[in-house]
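Input: a single structure, listed below in structure tokens.
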Amino acid sequence: MKGWLWVLVVAFLAGIFWWGMQRNPRELPSVLAKERRPAPDFTLPLLPPYRAAWGETFRLGDYLGKRPIVLNFWASWCYPACYEEAPVLEAAWRKHKDRVLFVGVNTQDKEPEALRFIAQFGLTFPQVFDPRGRVGVDYGMYGVPETFFIDGEGRVYARHAGAIDGATLEGYLKELRP
């Protein structure tokens with residue numbers, strides 16, 4: 001009887017593992033997006049290269065409801081995904097910066113490594129520093145990179161897990177723009 005119990009336990013665990021492997025990680029649920037909840041506000045310090053243009057700190061609430069926002073969570077240790085999407089985000093920012101605000105949230109990282117990453121990719125959109133990752137918790141972030149799209153009313157419209165490519169990013173931006 002004991003042998004059958006172990007077989008059932010192992011079969012059950014194997015079934016759960018198989019089911020989990022069939023799920024698309026990009027389709028992880030976001031209550032904020034599903035229910036179109038207001039984007040959680042935060043105030044964080046800007047990384048040094050952005051202080052001259054944006055000030056010492058960045059408060060998201062100052063921009064909510066004014067235009068769409070692309071909020072990207074990243075870290076320098078997130079290889080290769082964050083490295084793949086950084087040039088895509090920068091190109092989209094340069095193309096849409098008059099209509100859409102892009103904000104990078106460097107999370108659970110060290111400032112010197114974050115600054116090297118920013119310099120490597122020539123990122124010009126504002127980047128805030130969240131070494132403890134508390135803002136990611138407020139957004140229900142699963143891991144980096146993740147990008148949240150906030151509509152012109154200040155509500156979370158969509159969440160994208162993993163590196164975002166240019167076509168996907170443009171698709172979200174097209175849906176967000178009036």
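Here, each number is a calculation from the coordinates, and none is a lab measurement. Remember, predicted model here, so these are calculated numbers, not experimental data. Here the Cβ is made from the backbone with ideal geometry for all residues, glycine too, and neighbour counts use every protein chain on show.
Conditions (1) loosely packed, with under 14 Cβ neighbours inside 10 Å; (2) in contact with a strand residue (DSSP E or B) (Cβ under 7 Å, 6 or more places away or on another chain); (3) within 24 Å of R67 (Cα to Cα), marked per residue:
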site: G104; (1), (2), (3): no, yes, yes
site: E113; (1), (2), (3): yes, no, no
site: R116; (1), (2), (3): yes, no, no
site: A119; (1), (2), (3): yes, no, no
site: D165; (1), (2), (3): yes, no, yes
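Got a number for residues in the stretch 40-56 being surrounded by 13 or more Cβ atoms within 10 Å (Cβ to Cβ) and either in a strand (DSSP E or B) or touching a residue at least 60 places away in the same chain (Cβ under 8 Å) (or both)?
So the answer is 10.
Please verify whether F125 is within 14 Å of L46 (Cα to Cα), of a type in the set (F, W, Y) and in a strand (DSSP E or B), treating the condition exactly as stated.
When the stated conditions are applied, F125 does not pass them.
Starting from residues that are farther than 21 Å from A86 by Cα and of a type outside the set (K, R), keep the ones in the stretch 142-163 and report whichever is surrounded by the fewest Cβ atoms within 10 Å (Cβ to Cβ).
E153
Kindly provide the set of residues from the stretch 58-114 that are touching a residue at least 40 places away in the same chain (Cβ under 8 Å) and in a strand (DSSP E or B), ordered by number.
Residues satisfying the conditions are F58, I69, V70, L71, N72, F73, W74, V103, V105, N106.
Which residues, counting only those in the stretch 162-178, are hydrophobic (A, V, I, L, M, F, W, C) and either touching a residue at least 60 places away in the same chain (Cβ under 8 Å) or assigned to a loop (DSSP other than H, G, I, E, B) (or both)?
Correct list: A163, I164, L169, L173, L176.
Answer with yes or no whether Y139 is among the hydroxyl-bearing types (S, T, Y) and either buried (at least 19 other Cβ atoms within 10 Å of the Cβ) or touching a Lys or Arg at 6+ places or on another chain (Cβ under 6 Å) (or both).
Spelling it out, Y139 is indeed among the hydroxyl-bearing types (S, T, Y) and either buried (at least 19 other Cβ atoms within 10 Å of the Cβ) or touching a Lys or Arg at 6+ places or on another chain (Cβ under 6 Å) (or both).
For A92, all conditions in the list (1) in contact with a Pro (Cβ under 9 Å, 6 or more places away or on another chain); (2) closer than 16 Å to T124 by Cβ hold save one; what is the number of the exception?
With (1) in contact with a Pro (Cβ under 9 Å, 6 or more places away or on another chain); (2) closer than 16 Å to T124 by Cβ applied to A92, the lone miss is (1).
Does Y139 qualify as being touching a residue at least 60 places away in the same chain (Cβ under 8 Å), among the aromatic types (F, W, Y) and within 22 Å of S30 (Cα to Cα)?
So Y139 fits the description; yes.
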